[in-house]
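Visitor: One structure, as structure tokens, below. Some questions next.
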Number of protein chains: 2
Amino acid sequence: MIAAELQPVLKPVAFLLGTWRGEGSGEYPTIQPFRYREEVRFSHTGKAFLVYTQRTEALEDGRPLHSEAGYLRSLGDGRLELVIAQPIGFAEVELGSVSGNRIELQSTQVLRTPTAKPVSAIARKIWLEGERLHYELAMALGGTALTHHLSAALVRVS
Amino acid sequence: MIAAELQPVLKPVAFLLGTWRGEGSGEYPTIQPFRYREEVRFSHTGKAFLVYTQRTEALEDGRPLHSEAGYLRSLGDGRLELVIAQPIGFAEVELGSVSGNRIELQSTQVLRTPTAKPVSAIARKIWLEGERLHYELAMALGGTALTHHLSAALVRVS
């Protein structure tokens, strides 16, 4: 499924391409802090978007924790659109931009199934620093406004 | 990522598990009819949802056409929740049910990025008939109400 040619419109986000692994930590006012192992993959099919998949597992026993999947659309002038589905019952659209090796995105709206947790907003920062891909994710949940939730540092493994 | 144990709540949709391949056809009032080759995969991680991925390609030259990814949540009483991200710039939540080997789902809302086509609703039927997995998808786009768009028949390859 990997096409020979990356669309020129994807060049600003080409630094994301590959499979990345590392560890991260989570916190939120309503939960105990936790750490996790993560694999993130960005690939392309020859079309004007990157395919994004992610999964995390517990450090101690490898049990699956979170996963999500989506698509990063690049408009070519630095503007980005991200669509994501999350198995905890929500789907989101995030808008943002890339500047150098730094991406910032924020949800415009989050759709939830009737049984999903009341997440109402998500913001992401993703940046490459040397050979490490970092991200931070903030989340608004229930009565809590957009608050830092996750951060991780990953290295490219393929 | 495949856990040994399927959660009991997923038994009503366990007939979906596996990788399926086949051909389908698309039509819509605003486009020329077309045919496509497709691979659909439903897997699980030991949690209470199925992971869904799909991709289609052109019959004539194998160029990638559509893809989407999401998660099918089973509530255990026949009710289902589906969350999907589509690289054409939208994310959706669909609700529905499974009865026997037949699933029916309809979107409650579709989130779109600013550059996405104005898709406003999607309905899916998925059913197993003998060894063939069939689906039909209807879509509302622009001024066109929910109208038949896609149908395919797939066989399990693994």
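The values are calculated or read from the model by the stated rules, or taken from the named source; none is laboratory data. Note that the structure is predicted; figures quoted are calculated from it, not measured. Glycine also receives a Cβ, built like all others from the backbone with ideal geometry; neighbour counts cover every protein chain displayed. The protein model used for the area step is the full one, side chains on, heavy atoms only, and it has no ligands, DNA or RNA in it. Shrake-Rupley method; radii C 1.70, N 1.55, O 1.52, S 1.80 Å.
Visitor: Of a type in the set (D, E, K, R), touching a Gly at 6+ places or on another chain (Cβ under 9 Å) and more than 22 Å from A:Leu82 (Cα to Cα): does that describe B:Arg63?
Guide: yes
Visitor: How about segment B:13-88: which strands (runs of 3 or more DSSP E) wholly inside it have at least 3 residues that are closer than 22 Å to A:Glu92 by Cα, facing chain A (nearest Cβ under 9 Å) and aromatic (Phe, Trp, Tyr)?
Guide: Correct list: empty, since no element meets the threshold.
Visitor: Of the numbered conditions (1) closer than 30 Å to B:Gly142 by Cβ; (2) among the β-branched types (Val, Ile, Thr); (3) open to solvent by less than 30 Å² (accessible area, probe 1.4 Å), B:Ile31 fails exactly one; give the number of that condition.
Guide: Of the numbered conditions (1) closer than 30 Å to B:Gly142 by Cβ; (2) among the β-branched types (Val, Ile, Thr); (3) open to solvent by less than 30 Å² (accessible area, probe 1.4 Å), the odd one out for B:Ile31 is (3).
Visitor: Okay, next question. Only one of (1) open to solvent by 40 Å² or more (accessible area, probe 1.4 Å); (2) farther than 15 Å from B:Ala153 by Cα; (3) modelled with pLDDT of 95 or more fails for B:Ala69. Which number is that?
Guide: Status for B:Ala69: all satisfied but (1).
Visitor: Would you mind finding the one in B:Gly142, B:Gly78 that is surrounded by fewer than 22 Cβ atoms within 10 Å (Cβ to Cβ) and at pLDDT below 95?
Guide: B:Gly142
Visitor: Okay, next question. Taking the residues in segment B:104-134 that are closer than 16 Å to B:Ile84 by Cα and more than 14 Å from chain A (Cβ to nearest Cβ) as candidates, determine which candidate is surrounded by the most Cβ atoms within 10 Å (Cβ to Cβ).
Guide: So the residue we want is B:Ile126.
Visitor: Of the residues B:Val98, B:Val155, which single one is in contact with a Pro (Cβ under 6 Å, 6 or more places away or on another chain), over 26 Å from A:Phe49 (Cβ atoms) and away from every other protein chain (no Cβ under 14 Å)?
Guide: B:Val98
Visitor: Look through segment B:34-58, keep the residues that are crowded, with 19+ Cβ neighbours inside 10 Å and out of contact with any Ser or Thr (no Cβ under 8 Å at 6 or more places or on another chain), and return whichever of them is farthest from B:Glu104 (Cα to Cα).
Guide: Among them, the one singled out is B:Lys47.
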